[in-house]
Amino acid sequence: MGDPQRFDAAIAAIDRANAEDPETLELDGQRRPKELVHAELVTRWVRRLDPGASELQLLAARAHHLRRWVVPRGSYPSGRAGYLRWRRDQARRQAEEVAVILAAAGYDDAAIARVQGIIRKEGLATDPAVQTHEDALCLAFLETQLGSLLADLGEERTVEVLAKTARKMSARGLSEAAKLPLPPAHAALLGRALQVAGARADN
(Lines give C-alpha, C1' and ligand atoms only; values in the text may rest on other atoms or scores of the structure.)
Protein backbone atom coordinates (compact mmCIF):
# COMPACT_ATOMS: atom_id res chain seq x y z
CA MET A 1 0.00 0.00 0.00
CA GLY A 2 1.50 3.30 -1.11
CA ASP A 3 0.49 5.65 1.70
CA PRO A 4 -1.49 4.14 4.58
CA GLN A 5 -2.46 7.56 5.95
CA ARG A 6 -3.88 8.63 2.59
CA PHE A 7 -5.79 5.35 2.28
CA ASP A 8 -7.17 5.61 5.82
CA ALA A 9 -8.26 9.21 5.22
CA ALA A 10 -10.12 8.22 2.04
CA ILE A 11 -11.83 5.25 3.72
CA ALA A 12 -12.87 7.45 6.65
CA ALA A 13 -14.34 10.06 4.30
CA ILE A 14 -16.28 7.42 2.36
CA ASP A 15 -17.57 5.93 5.61
CA ARG A 16 -18.70 9.33 6.89
CA ALA A 17 -20.68 9.85 3.70
CA ASN A 18 -22.32 6.42 3.89
CA ALA A 19 -23.04 6.83 7.60
CA GLU A 20 -25.68 9.42 6.65
CA ASP A 21 -27.90 6.72 5.12
CA PRO A 22 -31.33 6.98 6.81
CA GLU A 23 -32.05 3.30 6.11
CA THR A 24 -30.52 0.78 8.48
CA LEU A 25 -29.46 -2.84 8.25
CA GLU A 26 -28.96 -5.34 11.05
CA LEU A 27 -25.80 -7.43 10.96
CA ASP A 28 -24.20 -9.41 13.77
CA GLY A 29 -26.84 -8.12 16.18
CA GLN A 30 -26.18 -4.45 15.39
CA ARG A 31 -28.40 -2.11 13.38
CA ARG A 32 -26.39 0.52 11.51
CA PRO A 33 -26.69 2.66 8.34
CA LYS A 34 -27.36 0.28 5.44
CA GLU A 35 -24.79 1.52 2.93
CA LEU A 36 -22.11 1.73 5.61
CA VAL A 37 -22.69 -1.93 6.52
CA HIS A 38 -22.87 -2.99 2.89
CA ALA A 39 -19.62 -1.19 2.06
CA GLU A 40 -17.84 -2.92 4.93
CA LEU A 41 -19.15 -6.31 3.80
CA VAL A 42 -18.04 -5.81 0.21
CA THR A 43 -14.58 -4.72 1.40
CA ARG A 44 -14.38 -7.82 3.57
CA TRP A 45 -15.33 -10.04 0.65
CA VAL A 46 -12.77 -8.44 -1.67
CA ARG A 47 -10.06 -9.10 0.91
CA ARG A 48 -11.21 -12.71 1.29
CA LEU A 49 -11.50 -13.40 -2.44
CA ASP A 50 -8.21 -11.67 -3.23
CA PRO A 51 -5.82 -11.41 -0.25
CA GLY A 52 -3.49 -9.39 -2.47
CA ALA A 53 -6.15 -6.84 -3.45
CA SER A 54 -4.73 -3.41 -4.17
CA GLU A 55 -5.72 -0.33 -2.21
CA LEU A 56 -7.57 0.91 -5.29
CA GLN A 57 -9.68 -2.28 -5.31
CA LEU A 58 -10.47 -1.74 -1.64
CA LEU A 59 -11.40 1.89 -2.20
CA ALA A 60 -13.75 0.86 -5.02
CA ALA A 61 -15.31 -1.76 -2.76
CA ARG A 62 -15.89 0.81 -0.04
CA ALA A 63 -17.41 3.38 -2.42
CA HIS A 64 -19.40 1.12 -4.75
CA HIS A 65 -22.79 2.31 -3.41
CA LEU A 66 -21.64 5.72 -2.20
CA ARG A 67 -24.70 7.64 -0.93
CA ARG A 68 -26.96 5.42 -3.02
CA TRP A 69 -30.09 6.56 -1.19
CA VAL A 70 -29.93 10.09 -2.60
CA VAL A 71 -31.42 8.87 -5.90
CA PRO A 72 -34.23 6.44 -5.02
CA ARG A 73 -35.11 3.63 -7.39
CA GLY A 74 -38.69 4.93 -7.37
CA SER A 75 -37.57 8.14 -9.06
CA TYR A 76 -37.07 6.15 -12.29
CA PRO A 77 -39.66 4.28 -14.37
CA SER A 78 -40.62 0.78 -13.29
CA GLY A 79 -39.45 -2.25 -15.25
CA ARG A 80 -36.06 -3.54 -16.29
CA ALA A 81 -35.23 -0.63 -18.61
CA GLY A 82 -35.87 1.87 -15.82
CA TYR A 83 -33.86 -0.22 -13.39
CA LEU A 84 -30.87 -0.47 -15.72
CA ARG A 85 -30.93 3.28 -16.36
CA TRP A 86 -31.11 3.99 -12.63
CA ARG A 87 -28.22 1.62 -11.94
CA ARG A 88 -26.10 3.14 -14.74
CA ASP A 89 -26.78 6.67 -13.54
CA GLN A 90 -26.00 5.69 -9.96
CA ALA A 91 -22.64 4.23 -10.98
CA ARG A 92 -21.80 7.42 -12.86
CA ARG A 93 -22.75 9.62 -9.88
CA GLN A 94 -20.88 7.42 -7.40
CA ALA A 95 -17.77 7.53 -9.58
CA GLU A 96 -17.97 11.32 -9.73
CA GLU A 97 -18.43 11.70 -5.97
CA VAL A 98 -15.65 9.29 -5.04
CA ALA A 99 -13.32 11.27 -7.33
CA VAL A 100 -13.82 14.32 -5.14
CA ILE A 101 -13.08 12.31 -1.98
CA LEU A 102 -9.98 10.65 -3.43
CA ALA A 103 -8.58 13.89 -4.81
CA ALA A 104 -8.98 15.52 -1.40
CA ALA A 105 -7.08 12.60 0.15
CA GLY A 106 -4.20 13.07 -2.30
CA TYR A 107 -4.77 10.44 -5.01
CA ASP A 108 -3.70 11.31 -8.55
CA ASP A 109 -5.85 11.20 -11.68
CA ALA A 110 -4.67 7.73 -12.72
CA ALA A 111 -5.56 6.20 -9.36
CA ILE A 112 -8.93 7.93 -9.34
CA ALA A 113 -9.69 6.69 -12.86
CA ARG A 114 -8.87 3.12 -11.83
CA VAL A 115 -11.22 3.26 -8.84
CA GLN A 116 -13.95 4.75 -11.03
CA GLY A 117 -13.46 2.03 -13.63
CA ILE A 118 -13.89 -0.71 -11.04
CA ILE A 119 -17.02 0.95 -9.65
CA ARG A 120 -18.45 1.13 -13.18
CA LYS A 121 -17.40 -2.53 -13.71
CA GLU A 122 -15.47 -1.70 -16.84
CA GLY A 123 -13.79 -4.79 -18.31
CA LEU A 124 -15.82 -7.24 -16.25
CA ALA A 125 -15.17 -10.09 -18.69
CA THR A 126 -11.41 -9.50 -18.84
CA ASP A 127 -10.25 -7.69 -15.66
CA PRO A 128 -9.72 -9.98 -12.63
CA ALA A 129 -10.01 -7.06 -10.19
CA VAL A 130 -13.39 -6.08 -11.61
CA GLN A 131 -14.58 -9.71 -11.44
CA THR A 132 -13.51 -9.88 -7.80
CA HIS A 133 -15.47 -6.68 -7.21
CA GLU A 134 -18.56 -8.20 -8.87
CA ASP A 135 -18.24 -11.41 -6.85
CA ALA A 136 -17.97 -9.41 -3.62
CA LEU A 137 -21.07 -7.37 -4.51
CA CYS A 138 -23.05 -10.52 -5.23
CA LEU A 139 -21.95 -12.23 -2.02
CA ALA A 140 -22.84 -9.22 0.10
CA PHE A 141 -26.21 -9.09 -1.64
CA LEU A 142 -26.87 -12.76 -0.85
CA GLU A 143 -25.85 -12.26 2.77
CA THR A 144 -28.06 -9.28 3.43
CA GLN A 145 -30.93 -9.07 0.94
CA LEU A 146 -32.06 -12.58 0.03
CA GLY A 147 -34.78 -12.56 2.69
CA SER A 148 -36.28 -9.25 1.62
CA LEU A 149 -36.05 -10.29 -2.04
CA LEU A 150 -38.04 -13.44 -1.28
CA ALA A 151 -40.66 -11.46 0.64
CA ASP A 152 -41.07 -9.04 -2.27
CA LEU A 153 -40.95 -11.43 -5.22
CA GLY A 154 -41.94 -14.90 -4.05
CA GLU A 155 -40.01 -18.12 -4.61
CA GLU A 156 -40.06 -18.53 -8.39
CA ARG A 157 -39.14 -14.94 -9.24
CA THR A 158 -36.45 -14.99 -6.54
CA VAL A 159 -34.89 -18.07 -8.12
CA GLU A 160 -34.81 -16.24 -11.47
CA VAL A 161 -33.08 -13.22 -9.92
CA LEU A 162 -30.58 -15.41 -8.08
CA ALA A 163 -29.82 -17.33 -11.27
CA LYS A 164 -29.05 -14.04 -13.04
CA THR A 165 -26.81 -13.09 -10.12
CA ALA A 166 -25.00 -16.44 -10.27
CA ARG A 167 -24.26 -16.05 -13.98
CA LYS A 168 -22.30 -12.85 -13.20
CA MET A 169 -20.05 -14.63 -10.71
CA SER A 170 -16.77 -16.49 -11.12
CA ALA A 171 -16.24 -20.09 -10.06
CA ARG A 172 -14.54 -18.83 -6.88
CA GLY A 173 -17.45 -16.54 -6.09
CA LEU A 174 -19.96 -19.33 -6.63
CA SER A 175 -17.97 -21.61 -4.35
CA GLU A 176 -18.13 -19.00 -1.58
CA ALA A 177 -21.86 -18.49 -2.22
CA ALA A 178 -22.51 -22.20 -1.72
CA LYS A 179 -20.84 -21.99 1.71
CA LEU A 180 -22.84 -19.01 3.03
CA PRO A 181 -24.56 -19.79 6.36
CA LEU A 182 -28.06 -19.04 5.09
CA PRO A 183 -31.35 -20.18 6.64
CA PRO A 184 -32.33 -23.59 5.16
CA ALA A 185 -35.16 -22.16 3.02
CA HIS A 186 -32.87 -19.50 1.56
CA ALA A 187 -30.09 -22.02 0.96
CA ALA A 188 -32.54 -24.24 -0.91
CA LEU A 189 -33.57 -21.36 -3.18
CA LEU A 190 -29.96 -20.48 -3.86
CA GLY A 191 -29.24 -24.12 -4.68
CA ARG A 192 -32.09 -24.14 -7.19
CA ALA A 193 -30.82 -20.92 -8.73
CA LEU A 194 -27.30 -22.31 -9.10
CA GLN A 195 -28.72 -25.34 -10.88
CA VAL A 196 -30.72 -23.11 -13.24
CA ALA A 197 -27.68 -20.94 -13.94
CA GLY A 198 -25.52 -23.98 -14.58
CA ALA A 199 -28.07 -25.57 -16.88
CA ARG A 200 -28.37 -22.39 -18.97
CA ALA A 201 -24.61 -22.03 -19.15
CA ASP A 202 -24.38 -25.54 -20.61
CA ASN A 203 -26.93 -24.82 -23.36
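Given Ala140, Ala95, Ala129, which one is closer than 19 Å to Thr165 by Cβ, open to solvent by less than 20 Å² (accessible area, probe 1.4 Å), in a helix (DSSP H, G or I) and hydrophobic (A, V, I, L, M, F, W, C)?
Just a single option satisfies the conditions, and that option is Ala140.
Condition first: open to solvent by 70 Å² or more (accessible area, probe 1.4 Å), free of Cβ contacts under 8 Å to residues at least 24 places away in the same chain, assigned to a loop (DSSP other than H, G, I, E, B) and under 27 Å from Leu174 (Cα atoms). Can you find one or more residues in segment 106-123 that meet it?
Yes, segment 106-123 contains at least one residue that is open to solvent by 70 Å² or more (accessible area, probe 1.4 Å), free of Cβ contacts under 8 Å to residues at least 24 places away in the same chain, assigned to a loop (DSSP other than H, G, I, E, B) and under 27 Å from Leu174 (Cα atoms).
Being touching a helix residue (DSSP H, G or I) at 6+ places or on another chain (Cβ under 7 Å), in a loop (DSSP other than H, G, I, E, B), open to solvent by 20 Å² or more (accessible area, probe 1.4 Å) and in contact (Cβ under 8 Å) with a residue 24 or more places away in the chain, is that true of even one residue in segment 36-52? Walk me through it before giving the result.
Start the filter on segment 36-52 by keeping residues that are touching a helix residue (DSSP H, G or I) at 6+ places or on another chain (Cβ under 7 Å), which leaves 36, 38-39, 41-43, 45-46, 49-50.
Cutting the leftovers down to in a loop (DSSP other than H, G, I, E, B) gives us 50.
Then keep just the ones that are open to solvent by 20 Å² or more (accessible area, probe 1.4 Å); that gives 50.
Next, only the ones that are in contact (Cβ under 8 Å) with a residue 24 or more places away in the chain stay: 50.
Yes: one or more hits.
Where residues in segment 1-26 are aliphatic (A, V, I, L, M) and out of contact with any Phe, Trp or Tyr (no Cβ under 9 Å at 6 or more places or on another chain), which of them is least open to solvent (accessible area, probe 1.4 Å)?
The selected residue is Ile14.
The values are calculated or read from the model by the stated rules, or taken from the named source; none is laboratory data. The shown structure was predicted, so the numbers you read here are calculated from the model rather than taken from an experiment. Here the Cβ is made from the backbone with ideal geometry for all residues, glycine too, and neighbour counts use every protein chain on show. Protein only, heavy atoms only, side chains kept; ligands, DNA and RNA dropped before computing areas. Shrake-Rupley method; radii C 1.70, N 1.55, O 1.52, S 1.80 Å.
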